[in-house]
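Down below is the structure, laid out as structure tokens.
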Amino acid sequence: MINLVIAIDGPAGAGKSTISKKISKKLGINYIDTGAMYRAVTYKCLEKGVDVLNEKKVIEICEESDVDFIDNRIYLDGKCIDKEIRMQKVSANVSNVAKIARVREIMVKKQREIGQKSDVILDGRDVGTCIFPDTKYKFYLNASPEERGRRRYLELKEKGENVVLEEIIKDIERRDYIDSTREVAPLTKAKDAIEVDSTNMTIDEVVDYIVKKVKES
Ligand code: C5P
């Protein structure tokens, strides 16, 4: 690995994408939202009426799909689906798609291809443990489930979705459970990752902390 790779992992709603985007701007490097790729496949399954528990069908969908980033926007089969993948029905189903080994194999291959092209920050669940285990720059971002639920709730409300806080917290906890107990590349802190608890930190404090650590090492 010759380019700079910063890995930001952690559970749902920990602020990974907001923080990674800010760091990418600050350092002038590329940003890859690995979760957006699993969301894209999930969105396509839902659009086609495919049950996400039907692994064979989900794999077929994944194999025939073109998922890519152009200017930090996610494209599915040539169409930008940035907004669509954030819908709560996609969030509620994505972990069942992401636990399928073949789906992960396809996505990880693509993530490595994109990540090897230039200096990059990636956020997800398995960046430091599986996609780029050799990078020196690994962070595990966490916050209490209540705070993570509250942040996600406000985000969805702002987008005009009709959501209930308790349901969002439950969904986040359910997603974390599936993500951290799955067989392939479960959500876990890499041994050499620096843990950052953002419960009582502002976004800028977390950004500055991570940038400082990267520059120090
Ligand atoms: O990061 P975000 O919450 O958008 O990710 C959506 C879902 O995609 C996660 O809950 C997880 O199931 C899956 N995911 C994953 N591996 C990644 C990124 C996301 O399994 N590297």
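Quick check, is LYS83 under 26 Å from GLU155 (Cα atoms) and either away from the ligand (no atom under 12 Å from the Cβ) or of a type outside the set (A, V, I, L, M) (or both)? Lay out the reasoning, then the answer.
Values: under 26 Å from GLU155 (Cα atoms): yes; either away from the ligand (no atom under 12 Å from the Cβ) or of a type outside the set (A, V, I, L, M) (or both): yes.
For LYS83, the condition - under 26 Å from GLU155 (Cα atoms) and either away from the ligand (no atom under 12 Å from the Cβ) or of a type outside the set (A, V, I, L, M) (or both) - is met.
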| Meets criteria (within 15 Å of the ligand (Cβ to nearest atom) and farther than 17 Å from ALA185 by Cα) for ILE70 | no
| message | Exactly one of these conditions fails for MET107: (1) of a type in the set (A, V, I, L, M); (2) within 12 Å of the ligand (Cβ to nearest atom); (3) assigned by the TED database to the domain that holds LYS170. Give me its number. | response | (3)
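Name the single residue that is farthest from the ligand (Cβ to nearest atom) among those in segment 6-31 being of a type in the set (Val, Ile, Thr) and surrounded by 24 or more Cβ atoms within 10 Å (Cβ to Cβ). Steps first, answer last, please.
Narrowing segment 6-31 to residues of a type in the set (Val, Ile, Thr): 6, 8, 18-19, 23, 29.
Next, only the ones that are surrounded by 24 or more Cβ atoms within 10 Å (Cβ to Cβ) stay: 6, 8, 19.
On the way: ILE6: 14, ILE8: 10, ILE19: 12 Å.
Checked segment 6-31; the qualifying residue farthest from the ligand (Cβ to nearest atom) is ILE6.
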| Looking only at residues in segment 32-57 that are more than 10 Å from the ligand (Cβ to nearest atom) and β-branched (Val, Ile, Thr), which one is farthest from MET107 (Cα to Cα)? | VAL50
| said: Please go through (1) within 9 Å of the ligand (Cβ to nearest atom); (2) aliphatic (A, V, I, L, M); (3) not in a strand (DSSP E or B) for LEU122 and return the number of the only condition it doesn't satisfy. | reply: (3)
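Is it true that ARG104 is in contact (Cβ under 8 Å) with a residue 24 or more places away in the chain and closer than 27 Å to PHE69 by Cα? Explain how you work it out, then say what you get.
On the way: in contact (Cβ under 8 Å) with a residue 24 or more places away in the chain: yes; closer than 27 Å to PHE69 by Cα: yes.
Spelling it out, ARG104 is indeed in contact (Cβ under 8 Å) with a residue 24 or more places away in the chain and closer than 27 Å to PHE69 by Cα.
Table: residues versus (1) within 29 Å of GLY160 (Cβ to Cβ); (2) of a type in the set (Val, Ile, Thr); (3) surrounded by fewer than 12 Cβ atoms within 10 Å (Cβ to Cβ).
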residue: LYS56; (1), (2), (3): no, no, yes
residue: ASP68; (1), (2), (3): yes, no, no
residue: TYR75; (1), (2), (3): yes, no, no
residue: LYS79; (1), (2), (3): yes, no, yes
residue: GLU113; (1), (2), (3): no, no, yes
residue: SER118; (1), (2), (3): no, no, yes
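The values are calculated or read from the model by the stated rules, or taken from the named source; none is laboratory data. This structure is a prediction, so every number in the text was calculated from the model and none was measured. Don't worry about glycine lacking a Cβ; one is built from the backbone with ideal geometry, like all the others, and counts go over all protein chains shown.
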